[in-house]
Amino acid sequence: MEDFFQQKPADTLSDAPLSTRMRPESLEEYVGQTHILGPGKLLRRAIEADRISSLILFGPPGTGKTTLAKIIAGATCSKFESLSGVESNVADIRRVVAQAAQRRANGVRTILFIDEIHRFNKAQQDVLLPEVESGVVRLIGATTQNPLFSINSALVSRSQIFELRSLEESDLLVLIHRALADAGRGLGKQKNIIEPDAAAFLARLADGDARKCLNALEIAALTTPPSSDGAVRIDLEAAQESIQRKAVVYDGTGDAHYDTISAFIKSIRGSDPDAAIYWLAKMLHAGEEVRFITRRLVICASEDIGLADSNALVVAQAAAQAVEFIGLPEANLLLAHATLYLATAPKSNSATMAIGKASAEVREGRTLAVPEHLRDGHYKGSERLGHGKGYLYSHDFEGSYVPQAYLPEGRCYFEPTENGLEKRIKERLAHWREIFEEANRK
């Protein structure tokens, strides 16, 4: 059978970037993603057994999505066709599908790889549906965004979803040394020596992106003059000159947006000021909308701190107002102030739980009537209806408290904790309830 997945000859790859030349050609060469490709994992077993259905691979740039798709095509003896979610249109899809149908008639399967599939509009994604469902093509879509947010739900339901993670620094170090040693596709035709701190720097600054790491390595190797013995020695200075400043991967409307704000709030809730300030810095660096951050801080002040320190709400609201007045970049200081105050404040979710319990009873239970003595007795004729009769005005009594029922039934929704200032509230409530119970016993 014709080999539909043969690699390009070496001479046609000579001008390609190092990251392209060093693409792994098999699962054995593939580095990273052991959570889905390790021995016994579902995706690896499916590839080895040639039981691949349509897939959607999502994860940050440079994590091996395209490479994995090509490896799958080679391992399953399938023709590899590639389209771009940015450049391709419906006509391109129909052309590839028609060719796939012809191959299928001859017993040859086609894997259709679509890079940045989230860029396809609904009409383009809908064109794929019947072909994916009938098996004319086996789709492998690649995206940097969570497909549950960005891809047609019908297409998602017909595909298995696998998340690729940023490569570990140890994975990138393997790729660096492999590229330096490979004389065929890599930099091994000349003698290259990279200092450990230089390799570690490239691996760290690449931020899990193999493409960025290898291309920076190539720049360092090609621009560093050889020493007297003919060897190219890549030191830390050469590495620093060869890689751009790390960019924060952040999509203001997608996965990174929701994941980062989730980590931010959970760090505040978990009383970890260092983590909270880091996630705040990441959001600010990436250009997150400041109002979005301040809204979350105000919500968190009541949801997670509440009566344990009611001043948290004052601080959060003050920060929200001051940010509008001050603006960036100085507003970063106000946000840091509020974040650290909330993270280090005592925590209580008693207010959250109380309104949750009461709301659930309103939704699901019998609606309680307002007791006669609590009804409005100020309008003409209300006395004839008995409204307000028997009501006791609290301020007429010692401590401004008098035992009196405010619900038709003695229900309890608010359960204060002993955290922070809420402990004093709990003690005060216990005192009032003791007076109330004593009055009822008489």
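The values are calculated or read from the model by the stated rules, or taken from the named source; none is laboratory data. Nothing here was measured: the structure is a model prediction, and the numbers come from that model. Every residue, glycine as well, gets a Cβ built from its backbone with ideal geometry; the counts of neighbours run over all protein chains shown.
Suppose the filter is in the same structural domain as Arg269 (by TED's automatic domain parsing), closer than 20 Å to Lys266 by Cα and either of a type in the set (Ser, Thr, Tyr) or modelled with pLDDT of 95 or more (or both); does Leu307 pass it? It is false that Leu307 is in the same structural domain as Arg269 (by TED's automatic domain parsing), closer than 20 Å to Lys266 by Cα and either of a type in the set (Ser, Thr, Tyr) or modelled with pLDDT of 95 or more (or both). Entry remark, segment 206-216: residues being out of contact with any Lys or Arg (no Cβ under 8 Å at 6 or more places or on another chain) and either in contact (Cβ under 8 Å) with a residue 40 or more places away in the chain or surrounded by fewer than 21 Cβ atoms within 10 Å (Cβ to Cβ) (or both) number 7 in total. Residues of segment 154-164 include none that is in a helix (DSSP H, G or I), without any contact (Cβ under 8 Å) to a residue 40 or more places away in the chain, in the same structural domain as Ala238 (by TED's automatic domain parsing) and not polar (S, T, N, Q).
Condition check ((1) crowded, with 20+ Cβ neighbours inside 10 Å; (2) of a type in the set (D, E, K, R)) across all residues:
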| residue | (1), (2) |
| --- | --- |
| Ser153 | no, no |
| Arg158 | no, yes |
| Arg165 | no, yes |
| Gly188 | no, no |
| Ile194 | yes, no |
| Arg204 | no, yes |
| Glu218 | no, yes |
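Taken over segment 55-77, the criterion of being over 29 Å from Glu218 (Cβ atoms) and modelled with pLDDT of 90 or more is satisfied by Leu55, Ile56. Do the conditions hold for Val127, that is, is it assigned to a helix (DSSP H, G or I) and under 28 Å from Gln33 (Cα atoms)? Spelling it out, it is not the case that Val127 is assigned to a helix (DSSP H, G or I) and under 28 Å from Gln33 (Cα atoms).
Reported count of residues in segment 325-365, each being without any contact (Cβ under 8 Å) to a residue 12 or more places away in the chain, in a helix (DSSP H, G or I) and within 28 Å of the chain's Cα centre (by Cα), is 2. Here segment 97-117 is the region considered, the condition is being touching a Ser or Thr at 6+ places or on another chain (Cβ under 8 Å) and either polar (S, T, N, Q) or part of a helix (DSSP H, G or I) (or both), and the residue that is nearest to Phe149 (Cα to Cα) is Ile117. Return the pair list, or none, for Cβ contacts closer than 8 Å from residues in segment 415-439 that are surrounded by 12 or more Cβ atoms within 10 Å (Cβ to Cβ) to residues that are charged (D, E, K, R) and assigned to a helix (DSSP H, G or I), at least 6 apart or on different chains. From residues that are surrounded by 12 or more Cβ atoms within 10 Å (Cβ to Cβ), the pairs are Pro416/Glu422; Pro416/Lys423; Pro416/Lys426; Thr417/Lys423; Thr417/Lys426; Glu418/Lys426. In segment 210-221 there is at least one residue that is in contact with a strand residue (DSSP E or B) (Cβ under 6 Å, 6 or more places away or on another chain) and more than 19 Å from Glu168 (Cα to Cα). At pLDDT below 85, outside the structural domain of Arg295 (by TED's automatic domain parsing), assigned to a loop (DSSP other than H, G, I, E, B) and more than 31 Å from the chain's Cα centre (by Cα): is that true of Pro416 in this structure? No; evaluated as a whole, the condition is false for this residue. Each residue in segment 221-231 was checked for being part of a helix (DSSP H, G or I) and free of Cβ contacts under 8 Å to residues at least 24 places away in the same chain, and 2 of them qualify.
Among the residues making up segment 270-310, a single one is surrounded by 15 or more Cβ atoms within 10 Å (Cβ to Cβ), free of Cβ contacts under 8 Å to residues at least 24 places away in the same chain and within 27 Å of Phe414 (Cβ to Cβ): Val298.
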